[in-house]
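What follows is a set of notes on a single structure, which appears directly below.
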Amino acid sequence: LAGTVTSADAWLMVTNSVVTVVDSSLKLHLDFEEDFSSGQVVDTSGNGNDGWQFNPTNRLTAAPGVLGGTAAQFSSPGAYLAVTNLAGFAYLTNGTISLWAKFAPNVDLAMRLLDNGYPPGYSGNPAAAANSWALCRDYTPYLTFVVYPSGSAGQRLVIWPDDTVRSGGSQPDLSTTGFHLYSVTIDCPNNQAIAYYDGQPWMTNSINLPWIRVYGCAGQPWLCIGAASSDGTPQQVASRPPGNGFFTGSLDDLRIYNRTLSAANVKGLYTGRPPSPEAFHIVGP
């Protein structure tokens, strides 16, 4: 076998004559294909950015996932994951954040799927909180990607459609009938963010930030999955009262890249053909 790779984002792994293209820009990948009872969810990207369950009384459980796999079931209140190692995505000038989510029956307009953001003016460390972010319901039925620039209480960068069963009326039902893929690409040098819904472009907006960063709390940067970090430590979230952004539903195939995926790449996440860099080329055998 002879070959060349023309992208810095890819390398080749050959095992028993099978060639696999490994995308080195994938910095966090939680596929949730495992037993959650140990309290650890392994980052399959190989970067060691594992998720940890600090609430011993409310652990994740397995649920049917997408593309024939399993997902992580989050039950409110209290089930969440903390990612305390952030190798490769603590700061992003270019990036992609993507996950599958299915909301269970609920009436909560403040659920957090991914959270590390806090308004700098109210945080314990304003300089470190600037440009932090969250993927959440920001007090509307719409899932929203929020950033927290310096001097701002929060900026809704992009939103996804209201795909809830019934968001208005006297008996709201903010569940979804199935999984949907929510993806956002970040390109700070070109000042553009794009929200993708089920692999298709949905909304584009300007970023007006030089980069985004993971904050978490004043003393420790960390990413909270399934709850609001609320400027607290990973251990503190477990003891906070019910309703603090706790997600009710299932998550699957969470990915964070340190590059801006193309529209074709994001569509590949939806169809089950994970993206490889466009500019890689094999010559051979």
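The values are calculated or read from the model by the stated rules, or taken from the named source; none is laboratory data. Owing to the predicted nature of the structure, the values given are computational and were not obtained by experimental measurement. Note that we place each Cβ from the backbone using ideal geometry, even for glycine, and neighbour counts take in every protein chain shown. With ligands, DNA and RNA removed, areas are computed over all heavy atoms of the protein, side chains included. Shrake-Rupley method; radii C 1.70, N 1.55, O 1.52, S 1.80 Å.
Kindly establish whether Thr140 is within 27 Å of Asp187 (Cα to Cα), open to solvent by 40 Å² or more (accessible area, probe 1.4 Å) and among the β-branched types (Val, Ile, Thr). So Thr140 does not fit the description; no. The criterion of at least 1 residues that are surrounded by 23 or more Cβ atoms within 10 Å (Cβ to Cβ) and modelled with pLDDT of 95 or more is met by the following strands (runs of 3 or more DSSP E) wholly inside the range 172-268: 180-187, 192-197, 223-225, 249-257. Looking across the range 115-145, the residues that are outside any loop (DSSP other than H, G, I, E, B) and of a type in the set (D, E, K, R) come down to Asp115, Arg137. Give me the residue from the range 119-165 that is farther than 22 Å from Gly95 by Cα and among the aliphatic types (A, V, I, L, M) and, out of that set, modelled with the highest pLDDT. Per the stated criteria, the residue is Val165. Going by the conditions given, is Arg166 in contact with a Ser or Thr (Cβ under 8 Å, 6 or more places away or on another chain) and surrounded by fewer than 17 Cβ atoms within 10 Å (Cβ to Cβ)? No: the conditions fail for Arg166. Of all residues in the range 146-171, exactly one satisfies the criterion of being among the polar types (S, T, N, Q) and either touching a Lys or Arg at 6+ places or on another chain (Cβ under 8 Å) or part of a strand (DSSP E or B) (or both), namely Gln155. Within the range 96-137, the set of residues being closer than 14 Å to Trp160 by Cβ, buried (at least 24 other Cβ atoms within 10 Å of the Cβ) and among the β-branched types (Val, Ile, Thr) is empty.
Can you find, within the range 70-81, the residue that is modelled with the highest pLDDT among those that are open to solvent by 20 Å² or more (accessible area, probe 1.4 Å) and part of a loop (DSSP other than H, G, I, E, B)? Checked the range 70-81; the qualifying residue modelled with the highest pLDDT is Ser75. Based on this model, can you work out whether Ser37 counts as open to solvent by 70 Å² or more (accessible area, probe 1.4 Å), in contact (Cβ under 8 Å) with a residue 12 or more places away in the chain and among the small types (Gly, Ala, Ser)? Spelling it out, Ser37 is indeed open to solvent by 70 Å² or more (accessible area, probe 1.4 Å), in contact (Cβ under 8 Å) with a residue 12 or more places away in the chain and among the small types (Gly, Ala, Ser). The listed residues are Leu86, Leu67, and the only one of them that is part of a loop (DSSP other than H, G, I, E, B), open to solvent by 10 Å² or more (accessible area, probe 1.4 Å) and on the phi > 0 side of the Ramachandran plot turns out to be Leu67. Among the residues making up the range 42-59, a single one is open to solvent by less than 10 Å² (accessible area, probe 1.4 Å) and closer than 19 Å to Met111 by Cβ: Gly51. Looking at the range 107-121, I want the residues that are free of Cβ contacts under 8 Å to residues at least 60 places away in the same chain and closer than 18 Å to Asn131 by Cα and have a partner that is of a type in the set (Ser, Thr, Tyr) and open to solvent by 10 Å² or more (accessible area, probe 1.4 Å) with Cβ atoms under 6 Å, at least 6 apart or on another chain. Which pairs are those? Close Cβ pairs (under 6 Å, with a partner that is of a type in the set (Ser, Thr, Tyr) and open to solvent by 10 Å² or more (accessible area, probe 1.4 Å)) amount to Pro119/Tyr148; Pro120/Ser150.
Conditions (1) among the hydrophobic types (A, V, I, L, M, F, W, C); (2) touching a residue at least 12 places away in the same chain (Cβ under 8 Å); (3) touching a His at 6+ places or on another chain (Cβ under 7 Å), marked per residue:
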{"residue": "Gln171", "(1), (2), (3)": "no, no, no"}
{"residue": "Ser175", "(1), (2), (3)": "no, yes, no"}
{"residue": "Leu181", "(1), (2), (3)": "yes, yes, no"}
{"residue": "Val184", "(1), (2), (3)": "yes, yes, no"}
